[in-house]
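The values are calculated or read from the model by the stated rules, or taken from the named source; none is laboratory data. Since this is a predicted model, take the numbers as computed values, not measurements. Using ideal geometry, Cβ is built from the backbone for each residue, glycine included, and neighbour counts are taken over all protein chains shown. Just the protein is used for accessible areas: all its heavy atoms, side chains included, with ligands, DNA and RNA removed. Shrake-Rupley method; radii C 1.70, N 1.55, O 1.52, S 1.80 Å.
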Amino acid sequence: GKGEFDHYMKKEIHSQPTALSNTIEGRVEDGEVSLEALPAGSFTDIEEVQFVACGTSYHAAVYGAQLLKSAGVRADVIRASEYESVAGPVDETTLTVAVTQSGETADTLSAVREAADRGARTLAVTNVVGSTAAREADDAVYIRAGPEVGVAATKTFSSQAVTLALVGQRIVADVPAADHPDDAEAMLESLADLPEQVESILETTDAERLAKRYIDSQSFFFIGNGLGHPVALEGALKFKEITYEHAEGFASGQLKHGPLALVTEQTPVFAVCTGGDDGKTKTNAIEAQTRGAPIVSVSPDDHPVVDAADAHLSVPDTHPVWTGLLANVQLQLVSYYAADLLDRPIDKPRNLAKSVTVE
Ligand code: F6R
């Protein structure tokens, strides 16, 4: 049941420290990743990784693909429903990774089946043991987030992103063309602190006050670049799903190519900064602010964007690879409190289903 919480979504947001501990448990030792299903050497003949996913899982896949690309591995992310038209050449040196919480999403299953028909090796990254994706793929890695009841995916995004980072490290270790990032060990070490950093956000968040302050706005923008981009997309998806308000996520530098025309004092801009390579987020947030929009920085407290911002959601300091996942927890809470203020049916938004089993 929901226990002390008003909604499953809130319970699931609050269970992220436990979910993440389970995701990581036994998988990182002495600066190395070990995954039972994927022993060392599993990927030596892989030359390209292709992620297929939908919705929130697509955003986790964008995160995972960026990590691989930054380590010199060829990687691509494809919206599963578009697979047939955009997949490009695939052969036995391709690893197609289906990222799917439920393991039952029809679009994702059909993409991964098509990839297998074209000769790709397949891997399912899923929450549900024995799901169709897990059974059909050559291998499966479980995200171990525990059952998710709320239609809006929350804890499973966090656990998927971390699992994809771990799978990515295994791939990087095997693929000859990859360059092992210098700070891989530091990155894996800081992963151990993530559960308690999520806990500290849950205890100190200002998300409810912020939701009240901006609830009457016309439109809600989320921007980020680099690893902040998938987080901005996810922040907007969650917001529109459960509040029914208009929300959009953008790559920060794209605002001036069109969306800026919508910006007024009625469009708060959530600027997701990871402390990595995200200078464009600050400059473009300020562009929006010049047109009247309030900026909400979602970043570590010492990030330069904070000085310019009208409001701030604090993200604990960690390796820049994980900052976005912590920022996402703050955005989950903003969406939750905004939807609650609007009295929406948070766990069962209209027109949506937890598992989309039709194409
Ligand atoms: C968003 C959401 C959906 C799912 C998408 C894929 O909160 O829940 O966007 O992420 O339908 O579902 P799975 O991961 O089960 O394949």
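Give P316, P349, P304 a once-over and let me know the one that is in contact (Cβ under 8 Å) with a residue 60 or more places away in the chain and open to solvent by 10 Å² or more (accessible area, probe 1.4 Å). Talk me through it step by step, then tell me what you get.
Values: P349 fails: open to solvent by 10 Å² or more (accessible area, probe 1.4 Å); P304 fails: in contact (Cβ under 8 Å) with a residue 60 or more places away in the chain.
Matching residue, one of P316, P349, P304: P316.
Which residue, of T100, T96, T105, is under 27 Å from W322 (Cβ atoms) and within 15 Å of the chain's Cα centre (by Cα)? Quick ask: steps written out before the conclusion?
Details: T96 fails: within 15 Å of the chain's Cα centre (by Cα); T105 fails: within 15 Å of the chain's Cα centre (by Cα).
Among T100, T96, T105, only T100 is under 27 Å from W322 (Cβ atoms) and within 15 Å of the chain's Cα centre (by Cα).
Of all residues in the stretch 10-49, count the ones that are within 22 Å of the chain's Cα centre (by Cα), open to solvent by less than 50 Å² (accessible area, probe 1.4 Å) and more than 16 Å from I201 (Cβ to Cβ).
Selection size over the stretch 10-49: 8.
Take residues that are within 16 Å of the ligand (Cβ to nearest atom) and tell me which of the helices (runs of 4 or more DSSP H) falling wholly in the stretch 127-228 contain 3 or more.
132-136, 155-174
Going residue by residue through the stretch 278-288, is there one that turns out to be surrounded by 24 or more Cβ atoms within 10 Å (Cβ to Cβ), in contact with a Ser or Thr (Cβ under 6 Å, 6 or more places away or on another chain) and in a loop (DSSP other than H, G, I, E, B)?
No, because not a single residue in the stretch 278-288 is surrounded by 24 or more Cβ atoms within 10 Å (Cβ to Cβ), in contact with a Ser or Thr (Cβ under 6 Å, 6 or more places away or on another chain) and in a loop (DSSP other than H, G, I, E, B).
Kindly establish whether V321 is under 20 Å from the mean Cα position of the chain (by Cα), surrounded by fewer than 24 Cβ atoms within 10 Å (Cβ to Cβ) and either farther than 20 Å from S159 by Cβ or in contact (Cβ under 8 Å) with a residue 12 or more places away in the chain (or both). Reasoning before the result, please.
On the way: under 20 Å from the mean Cα position of the chain (by Cα): yes; surrounded by fewer than 24 Cβ atoms within 10 Å (Cβ to Cβ): no; either farther than 20 Å from S159 by Cβ or in contact (Cβ under 8 Å) with a residue 12 or more places away in the chain (or both): yes.
Answer is no for this residue.
Residue check: is T100 in contact (Cβ under 8 Å) with a residue 24 or more places away in the chain, open to solvent by less than 10 Å² (accessible area, probe 1.4 Å) and away from the ligand (no atom under 16 Å from the Cβ)?
Working: in contact (Cβ under 8 Å) with a residue 24 or more places away in the chain: yes; open to solvent by less than 10 Å² (accessible area, probe 1.4 Å): yes; away from the ligand (no atom under 16 Å from the Cβ): no.
Here the answer is no, as T100 does not meet what is asked.
Take Y214 and tell me if it is in contact (Cβ under 8 Å) with a residue 12 or more places away in the chain, open to solvent by 40 Å² or more (accessible area, probe 1.4 Å) and within 23 Å of D343 (Cβ to Cβ). Step through it out loud before you land on a result.
On the way: in contact (Cβ under 8 Å) with a residue 12 or more places away in the chain: yes; open to solvent by 40 Å² or more (accessible area, probe 1.4 Å): no; within 23 Å of D343 (Cβ to Cβ): yes.
In short, no.
Does the stretch 27-37 include one or more residues that are hydroxyl-bearing (S, T, Y) and modelled with pLDDT under 95? Full working, then the answer.
Restricting attention to the stretch 27-37, the residues satisfying the condition of being hydroxyl-bearing (S, T, Y) are 34.
Now restrict to residues that are modelled with pLDDT under 95: 34.
Yes - at least one qualifying residue is present in the stretch 27-37.
Within the stretch 72-85, is there a residue that is assigned to a helix (DSSP H, G or I) and within 12 Å of the ligand (Cβ to nearest atom)? Can you show your working first?
Going through the stretch 72-85, the residues assigned to a helix (DSSP H, G or I) turn out to be 80-85.
Add one more test, that the residue is within 12 Å of the ligand (Cβ to nearest atom), and what stays is 80-81.
There is at least one residue in the stretch 72-85 that is assigned to a helix (DSSP H, G or I) and within 12 Å of the ligand (Cβ to nearest atom).
What's the total number of residues in the stretch 283-319 that are farther than 22 Å from S335 by Cα and not aliphatic (A, V, I, L, M)? Lay out the reasoning, then the answer.
If we filter the stretch 283-319 for residues that are farther than 22 Å from S335 by Cα, which is where we start, we get 283-284, 286-287, 290-292, 302-304, 307-308, 317-319.
Keeping just the survivors that are not aliphatic (A, V, I, L, M) gives 283-284, 287, 290-292, 302-304, 307, 317-319.
The number of residues fulfilling the criteria is 13.
Out of the residues in the stretch 55-97 that are touching an Asp or Glu at 6+ places or on another chain (Cβ under 7 Å) and more than 25 Å from A177 (Cβ to Cβ), state the one that is most open to solvent (accessible area, probe 1.4 Å).
E84
Could you list all residues from the stretch 252-271 that are open to solvent by less than 30 Å² (accessible area, probe 1.4 Å) and of a type in the set (G, A, S)?
Of the residues in the stretch 252-271, the ones open to solvent by less than 30 Å² (accessible area, probe 1.4 Å) are 252-253, 255, 259, 263, 267-271.
If the condition is that a residue be open to solvent by less than 30 Å² (accessible area, probe 1.4 Å) and of a type in the set (G, A, S), then S252, G253, A271 are the ones that fit.
For the condition modelled with pLDDT of 95 or more and either more than 21 Å from the chain's Cα centre (by Cα) or of a type in the set (V, I, T) (or both), what is the one hit in E185, E196, E203?
Numbers: E185 fails: modelled with pLDDT of 95 or more; E196 fails: either more than 21 Å from the chain's Cα centre (by Cα) or of a type in the set (V, I, T) (or both).
Result: E203 is the single residue among E185, E196, E203 that is modelled with pLDDT of 95 or more and either more than 21 Å from the chain's Cα centre (by Cα) or of a type in the set (V, I, T) (or both).
So, A116, is that one free of Cβ contacts under 8 Å to residues at least 24 places away in the same chain, crowded, with 16+ Cβ neighbours inside 10 Å and part of a helix (DSSP H, G or I) or not?
Working: free of Cβ contacts under 8 Å to residues at least 24 places away in the same chain: yes; crowded, with 16+ Cβ neighbours inside 10 Å: yes; part of a helix (DSSP H, G or I): yes.
Here the answer is yes, as A116 does meet what is asked.
Please go through the stretch 229-260 and give me each residue that is within 22 Å of the chain's Cα centre (by Cα) and away from the ligand (no atom under 16 Å from the Cβ), ordered by number. Full working, then the answer.
Filtering the stretch 229-260 for residues within 22 Å of the chain's Cα centre (by Cα) gives 229-255.
Within the stretch 229-260, H229, H246, F250, A251, S252, G253, Q254, L255 meet the criteria.
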